[in-house]
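Colleague: The following block contains the structure, expressed as structure tokens.
Please treat every number below as a calculation from the coordinates, not as lab data. Not measured: the values here are computed from a predicted model. FYI the Cβ positions are ideal-geometry reconstructions off the backbone, even for glycines, and counts take in every protein chain you see.
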Amino acid sequence: MSAFDTIRRVTDRILERSRDTRSAYEATVAEALSENGPRRQGMPCANIAHVGAACCPGDKQAILGTIAPNLGIVTAYNDMVSAHQPFEDFPTIIRTAAAKLGAVAQVAGGVPAMCDGITQGRDGMELSLFSRDVIAMSTAIALSHDAFDAGLYLGTCDKIVPGLFMGAVAFGHLPAIFVPSGPMTTGLSNEEKVKVRQLYAEGKVKRDALLESETRSYHAKGTCTFYGTANSNQMLMEIMGLHLPGSTFVNPDTPLRDALTRAAVKRAVDISLLGKEPTPIAGIVTAKSVVNGIVGLLATGGSTNHTMHMVAMARAAGIIVTWDDFSELSDAVPLIARVYPNGPADVNQFHAAGGMRALIDTLLVHRLVHADVRTVVGDCLEDYIAEPKLIEDEVVWQVPAQPVVNPAVIKTADKPFQANGGLKVLTGNIGRAIIKISSLKKDQFIIEAPARIFERQQDLITAFERGELNRDFVAILRFQGPKASGMPELHKLSSALGVLQDRGFKVALVTDGRMSGASGKIPAAIHITPEAVEGGMIARIDEGDIVVLDAIAGTLSVRVDEDQLAQRKAASSTATTRGTGRELFLHARERVSGAEAGASFVV
């Protein structure tokens, strides 16, 4: 059976599974589109007067009448997060470009944008995953004024784009374009940064050396340059047809970046409900485009966080995706990109090597994605093999003669780095889990070792610092799931476990929490469901039990008699859920679904 046969079969299965939920979603969209003309036209006079109250006279007249599209901007701008700081100037660029086109643009609302790199290992990280659903709700509030003919969504990082996406598709009748800020320029290499982190973990360099390394890595505006969740988000928005072609990895504060933002405004006007090609987002986000997004993640070794985000994002549009879909597609889709942590290159080097146009081109040539999908620029994904060029201050798209420039970073699908994708689903008596395999060496695919039990990542780090972990072991870190603690990232463990692995020990992590999108060099069975606090078997593993993680067979088990395992008393969490605002999210922990269902409390 060909890879395309697998892709088509998985797509058909998703369509059948989603028949009722997608029909209900489409009915809601159709009802919203049933009005003639702009929805704001039917507002009472006082309501519409509020919409235009602060506008300049020309914009006010356009909004009060029906002569011009009104573009709603939902922005994740803040000064602290490097990837979102460039958005400070985007509304001005957008408003100016819209005015030249006879349209209006208004900031409809802002959404929170926290940085996992800042909260890593701290209490605030327990709010991180929940922030995605807060962003979705904030986006809905911004759009609830019902005054817009299209939306422009400004966001890049981990939970921000999935949240914006979920909010946008909740208003499926509105056309939408996602506008990226781009990655920061290359600083200290990711491999050198990790080396210094491990030296610090071993006590071989002092804090000043570590701080110098980190500030040379994270040194400017834009997304971090490794291929973590933020840049996986950006890849997704382009391959799903919600970015302009080739706009994803253009650096901030460059003439091309600003020109692409202006071009996004022009296209938003064209596809708005008052434009010449009205294109609601519901017509772009389909089962085929969702499958294309998953294929892109697998082909590039993208973030494991998207095994939850993509599930929740798809459900917001009435499309039901499961981990089995990810697993089956991963067996059929080859890994064709090596970007850190899957290789030494960063996203700037990926972009220079051909980037998104090369990725999409080879996936199309080898029938690994659906070509017949609607996008923000047309009716075929083939539009995305073109490269944006700046000619006389305007963006012109051209198809390059040689899509792949550097085969050490990106290959063609018929000559991949490895035959399968970057993710694997593990199943066994511990539960179901996800493992990222694209960064593992062959001798790391199977780990069999005694369990060491931890309930806080700091406990593991302390044990490492005391020299207690210089042996083969499987770290069981439990009570990290969404109901227990909001499912914080556990990337802080990477340095200690990496040091132990480099010393020649067989180590692995098994957890109901999650790792960073930049993780993957340590065998890690993550997102275990059911989670410990829900009675999952991970709560019944004892110190010294033999745990077997087999990423080849796709199994995860503890070698304990099934009856004995069932009779054991499950451990109880001793963690607090108060402080740093965590008490405000009690309702979220009570309502949140399991990792396999998207870890969401809104869909």
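Colleague: Kindly rank 324-333, 239-248 from highest to lowest mean number of other beta carbons found within 10 Å of each residue. Each step should come with its number before you reach the end.
Modeller: Details: 324-333: 20.7, 239-248: 25.8.
Output ranking for 324-333, 239-248: 239-248, 324-333.
Colleague: In the structure shown, do any of K195/K389; K389/K436; K159/K276; K204/K521; K424/K569 have a Cα-Cα gap over 28 Å, and if so which?
Modeller: Numbers: K195/K389 37 Å; K389/K436 35 Å; K159/K276 33 Å; K204/K521 21 Å; K424/K569 30 Å.
Those over the limit are K195/K389; K389/K436; K159/K276; K424/K569.
Colleague: Quickly rank 580-587, 128-135, 249-256 as a protection proxy: mean count of other C-beta atoms within 10 Å, highest first. Don't jump to the answer; show the numbers that get you there.
Modeller: On the way: 580-587: 12.9, 128-135: 23.5, 249-256: 17.8.
Ranked by mean Cβ neighbours within 10 Å, highest first: 128-135, 249-256, 580-587.
Colleague: Here's a follow-up. Percent of Cα-Cα pairs more than 20 Å apart in segment 128-249, please. Could the numbers behind the result be given before it?
Modeller: Details: 3932 of 7381 pairs.
Of all Cα-Cα distances in segment 128-249, 53 percent exceed 20 Å.
Colleague: How large are Rg and Dmax for segment 255-411 when only the alpha carbon atoms are used, in Å?
Modeller: 16.6, 49
Colleague: Looking at segment 257-289, which trypsin sites (Lys or Arg not before Pro) are in a loop (DSSP not H, G, I, E or B) and have at most 11 other Cβ atoms within 10 Å? Working shown, then result.
Modeller: Numbers: sites: R257, R262, K266, R267, K276, K288; in loops: K276.
Passing sites in segment 257-289 are K276.
Colleague: Provide, for q = 0.13, 0.16, 0.20 Å⁻¹, the log10 of I(q)/I(0) from a solvent-free Debye sum over equal Cα point scatterers in segment 423-597.
Modeller: With one equal scatterer per Cα and no solvent, log10 I(q)/I(0) is -0.59, -0.91, -1.43.
Colleague: Can you say what percent of the DSSP beta bridges in the chain, counting only those with both residues inside, are antiparallel? Round to 5.
Modeller: Numbers: 24 of 53 bridges.
Of all bridge pairs located within the chain, approximately 45 percent are antiparallel.
Colleague: Give a residue-ordered list of calculated ³J(HN,Hα) values for segment 399-409 (Karplus: 6.51 cos²θ - 1.76 cosθ + 1.60, θ = phi - 60°; whole Hz; x for Gly, Pro).
Modeller: 3J(HN,Hα) across segment 399-409, in whole Hz: 8, x, 5, 10, x, 8, 9, 9, x, 6, 10.
Colleague: Okay, moving on. Would you mind classifying segment 1-123 by shape? Square roots of the alpha carbon gyration tensor eigenvalues, ordered a ≥ b ≥ c; an a/c under 1.5 is rounded, otherwise it is prolate if a/b is larger than b/c and oblate if not.
Modeller: Working: a/c = 2.34, a/b = 1.27, b/c = 1.85.
Taking the square roots of the gyration eigenvalues as a ≥ b ≥ c, segment 1-123 is oblate.
Colleague: Can you list the residues, at least 5 places off or on another chain, whose amide H is less than 5 Å from the amide H of A113, using H built in the peptide plane?
Modeller: Amide H to amide H, under 5 Å and 5 or more residues apart or across chains, A113 pairs with nothing.
Colleague: Considering the zone a paramagnetic label at N470 would reach in this model (a point 7 Å from Cα along the Cα-to-Cβ line), which residues of segment 494-523 have amide N under 13 Å from it?
Modeller: 500, 503-505
Colleague: I would also like to ask the following. Ranking request for peptides 74-81, 568-575: highest mean number of other beta-carbon atoms within 10 Å first, then the rest in descending order. It would help to have the intermediate numbers written out before the result.
Modeller: Values: 74-81: 19.2, 568-575: 12.4.
Ranking, from highest mean packing down: 74-81, 568-575.
Colleague: If I require 18 Å or longer along the helix axis, counting alpha carbons, and a Kyte-Doolittle average no lower than -1.0, what helices from the chain are left? Use full DSSP H segments.
Modeller: Values: long enough: 3-17 (21 Å, -0.55); 19-33 (21 Å, -0.52); 128-143 (23 Å, 1.24); 255-271 (24 Å, 0.06); 287-300 (20 Å, 1.33).
Qualifying helices, which must be both long enough and hydrophobic enough, are 3-17, 19-33, 128-143, 255-271, 287-300.
Colleague: Run the numbers on the chain and let me know its relative contact order in percent, using alpha-carbon pairs under 8 Å that are six or more apart. Can you show the working numbers first?
Modeller: Numbers: 1341 pairs, mean separation 87.9, N = 603.
Computed over the chain, the figure is 15 percent.
Colleague: Could you compute the FRET efficiency for E562 and D79, with r as their C-beta to C-beta distance and R0 at 41 Å, rounded to 0.05? Walk me through the intermediate numbers first.
Modeller: On the way: r = 55 Å, r/R0 = 1.33.
Step by step, r from the Cβ atoms, then E = 0.15.
Colleague: I've got another one for you. Residue by residue through segment 586-601, what is 3J(HN,Hα) from phi via Karplus (6.51 cos²θ - 1.76 cosθ + 1.60, θ = phi - 60°)? Round to whole Hz and write x for glycine and proline.
Modeller: 4, 5, 5, 5, 6, 9, 4, 7, x, 4, 5, 9, x, 6, 10, 10
Colleague: Given a cut-off of 17 Å, what percent of all Cα-Cα pairs of segment 341-405 lie beyond it?
Modeller: On the way: 1028 of 2080 pairs.
Within segment 341-405, distances greater than 17 Å cover 49 percent of Cα pairs.
Colleague: While we're here: Around N342, which amide H atoms from residues at least 5 apart in sequence, or from another chain, sit under 5 Å from its own amide H, with H modelled in the peptide plane?
Modeller: none
Colleague: Then there's this: Would you compute, for the Cα atoms of the chain, the largest minus smallest coordinate along each principal axis and list the three values in descending order, in whole Å?
Modeller: Its Cα atoms span 73, 55, 50 Å along the three principal axes.
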